[in-house]
Amino acid sequence: MIVDAYKSVRKYWRIYLLVIVSIISIAVLFSPVVPGLDAGSNNANTTVQDREPTFAEKYTGLQFSIELGGGTRIRAPIDGVTAEGIDIGDRDRGEVERQIAEDFNNTSPTDVAIRTPDDGENTVEITSGEATTESLTESLDSQNVSYDEVRNGVTEETRQQAVEILQSRIDAAGLSGGDVRQVELQNGERLVLLEVPNLDRSETIELVTTKGEVRIDIYYFDQEQGEYVTREGVLTQDDFRTIGSPRQGDDVQPPNVPVTLEPQAAEDFADATVETGVARTGGSTCQYDRAPDETQPCLLTVVDGDVVYSAGMNGRLATSIQSGTWEESPDFILQTQSFTEAQDLSVNLQSGGLPAPLNVDQGEISFVAPEQGEDFRIIALIIGIMSTLAVATSVSLRYGKARVAAPMVFTALAEVLVLLAIATVLSYPIDVAVVAGFIAVIGTGVDDLIIIADRIIGGDSIASSNRLFARRFRKALWVIMSAAGSTILALGPLAVLELRELQGFAIFTIIGVIVGVLVTRPAYGDILRILYTRK
């Protein structure tokens, strides 16, 4: 029996390979944890709208674009003003940035940046909402800074940095399938295009427009000045080594985000808390929100310049900081008023602050309801089933035998199954272009299978002997491989060029053709061999 099984596998190994690949694809598709997916993306999943997940979202690793899954699309410019070709001479760059910032209200030196791009020509960029081309021109003239041109917009470096941070922010919020990229209009203007699935308009705007700058300040009584002052930036986003998932909190502790500090940052933080009295013996009690002039020293969590939480320090932590043992394991907890704030804080810490705000008021915003996206998926599934049944019916009528059509349907569905598994592993969001690629794969696949069937059982005689079958099957495969090569060469440029509307179609059509040539077409030939050759 073992010998017979071995002979069967050796003779019809292509069929066994198709079955194994199909089983693996099913396991990957319906596995809760799939290699290639961002395992941490579910940490903050409660940022997504509170709705009942669909079957595909709940039981598979598939990700859908906003057309098929619902969500928000924003196309908007990065807010800022840039002067090109500036010359500051021998002056200190930081000093010039500070002087320019002083000419604008509500503007700090961090909102002004003097950059040297690859072409070596200096630019000054200001991302404060107060700036205009006229006001920046006046500021540069008053500072005796020469320039070639002052224009609206920011530099390429700032745009690319904003794209990377927005993508990180979407990923950190658990919004799988989100995409951020630059697009260029016909007039040369560069915009940022965001596609955020499973999030409505207002939540998306809040997620992408907040600058997200997080720091820890210390509010304490300065003996020399005789008043309460704030020491800003005791901890900044670069000082955190690891950032944990937001926690709900309990009766003892409010909602919070656990973090671990970098070694040098931990040392500096310990010195600052001891010096200002936050880490005093027995700890400190903060009343910043009730009596800021009568409180003990406070740790302030500041997001985009606003204090979102104030707290003292418990006695145990203060003692470990004073003794120096805390620096060996510098774990820290950032507390907030609510779990939503903890989520936002975690997202901002993980993604970092935007170098410049996204100006959605001058952009375009569109929203697709999740229910509408689900309807699109159902319609696409119905069309796929109807197309498959139509092909099976036409092939059955062509050959007069359902046993020829049934393996065609099976192999076509197996190809789609493999493609879905690959999309899951790659975390590639399925959009209309990808669905079109699936349909193209089914179409080309059925064409190839008909070529095989015509060679084997068409014409004047059926290839009933193994030798005749092998000769005809090889000829059919040569035709199929030539057609596959032509398809890959034709779609190759679309797969590598930045044409996102067509890229998914090209990629999955090429993958489907390769899978077909290597797996499904040979397996279909072996099935016909079993059905029509003499033993």
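With respect to the conditions (1) of a type in the set (Gly, Ala, Ser); (2) at pLDDT below 85; (3) surrounded by 16 or more Cβ atoms within 10 Å (Cβ to Cβ), Gly226 falls short on a single one, namely (3). Name the one entry in Glu195, Glu206 that is farther than 22 Å from Val432 by Cα, at pLDDT 80 or above and either open to solvent by 30 Å² or more (accessible area, probe 1.4 Å) or assigned to a strand (DSSP E or B) (or both). After ruling out the rest, the residue left standing is Glu206.
Return yes or no: is Tyr532 at pLDDT 85 or above and in contact with a helix residue (DSSP H, G or I) (Cβ under 9 Å, 6 or more places away or on another chain)? No. Ala291 fulfils the conditions (1) crowded, with 16+ Cβ neighbours inside 10 Å; (2) without any contact (Cβ under 8 Å) to a residue 24 or more places away in the chain; (3) among the aliphatic types (A, V, I, L, M) except for a single criterion, (1). Inspection of segment 210-219 identifies at least one residue that is modelled with pLDDT of 85 or more, out of contact with any helix residue (DSSP H, G or I) (no Cβ under 7 Å at 6 or more places or on another chain) and among the aromatic types (Phe, Trp, Tyr). The single condition from (1) open to solvent by less than 20 Å² (accessible area, probe 1.4 Å); (2) among the β-branched types (Val, Ile, Thr); (3) farther than 20 Å from Gly353 by Cα that Thr137 fails is (1).
Return the only residue of Ala412, Ala380, Ala406, Ala390 being surrounded by 19 or more Cβ atoms within 10 Å (Cβ to Cβ), assigned to a helix (DSSP H, G or I) and of a type outside the set (Asp, Glu). None of the others qualify; the one that does is Ala412.
For segment 349-363, the count of residues that are small (Gly, Ala, Ser), touching a residue at least 12 places away in the same chain (Cβ under 8 Å), part of a strand (DSSP E or B) and surrounded by 13 or more Cβ atoms within 10 Å (Cβ to Cβ) is zero. Taken over segment 230-268, the criterion of being part of a strand (DSSP E or B), of a type in the set (A, V, I, L, M) and open to solvent by 30 Å² or more (accessible area, probe 1.4 Å) is satisfied by Ile243 alone.
On inspection, Arg151 does not qualify as part of a helix (DSSP H, G or I) and open to solvent by 40 Å² or more (accessible area, probe 1.4 Å).
All of Gln322, Gln264, Gln225, Gln237 fail the test of being among the polar types (S, T, N, Q), within 30 Å of Ile165 (Cβ to Cβ) and out of contact with any strand residue (DSSP E or B) (no Cβ under 8 Å at 6 or more places or on another chain), apart from Gln264.
Just one residue in the set Gly85, Gly80 is closer than 23 Å to Thr210 by Cβ and open to solvent by less than 60 Å² (accessible area, probe 1.4 Å); that residue is Gly80. Highlighted here are the helices (runs of 4 or more DSSP H) found entirely within segment 421-535 that include at least 3 residues which are open to solvent by 40 Å² or more (accessible area, probe 1.4 Å), of a type outside the set (A, V, I, L, M, F, W, C) and closer than 30 Å to Lys7 by Cβ: 466-496. When the residues of segment 318-348 are filtered to those that are surrounded by 15 or more Cβ atoms within 10 Å (Cβ to Cβ) and of a type in the set (Asp, Glu), the one that is modelled with the highest pLDDT is Glu327.
Test Gly315 against the stated conditions and say whether it is open to solvent by less than 70 Å² (accessible area, probe 1.4 Å), without any contact (Cβ under 8 Å) to a residue 60 or more places away in the chain and over 16 Å from Arg215 (Cα atoms). Yes. Would you confirm whether any residue within segment 275-282 is of a type outside the set (D, E, K, R), touching a helix residue (DSSP H, G or I) at 6+ places or on another chain (Cβ under 6 Å) and assigned to a loop (DSSP other than H, G, I, E, B)? Yes, segment 275-282 has at least one match. Among the residues of segment 114-126, those identified as at pLDDT below 85 and at negative phi are Ile114, Arg115, Thr116, Pro117, Asp118, Asp119, Glu121, Asn122. Does Ile378 meet the test of being among the β-branched types (Val, Ile, Thr), over 30 Å from Glu164 (Cα atoms) and modelled with pLDDT of 75 or more? Yes, satisfied. Among the residues of segment 244-263, at least one is farther than 22 Å from Ala342 by Cβ and either under 32 Å from the mean Cα position of the chain (by Cα) or modelled with pLDDT under 85 (or both).
Please enumerate the residues belonging to segment 233-283 that are closer than 21 Å to Ser351 by Cβ and of a type in the set (Gly, Ala, Ser). Scanning segment 233-283 gives Gly233, Gly244, Ser245, Ala265.
The values are calculated or read from the model by the stated rules, or taken from the named source; none is laboratory data. Remember, predicted model here, so these are calculated numbers, not experimental data. Every residue, glycine as well, gets a Cβ built from its backbone with ideal geometry; the counts of neighbours run over all protein chains shown. Accessible surface is based on the protein model in full, side chains and every heavy atom, while ligands, DNA and RNA are left aside. Shrake-Rupley method; radii C 1.70, N 1.55, O 1.52, S 1.80 Å.
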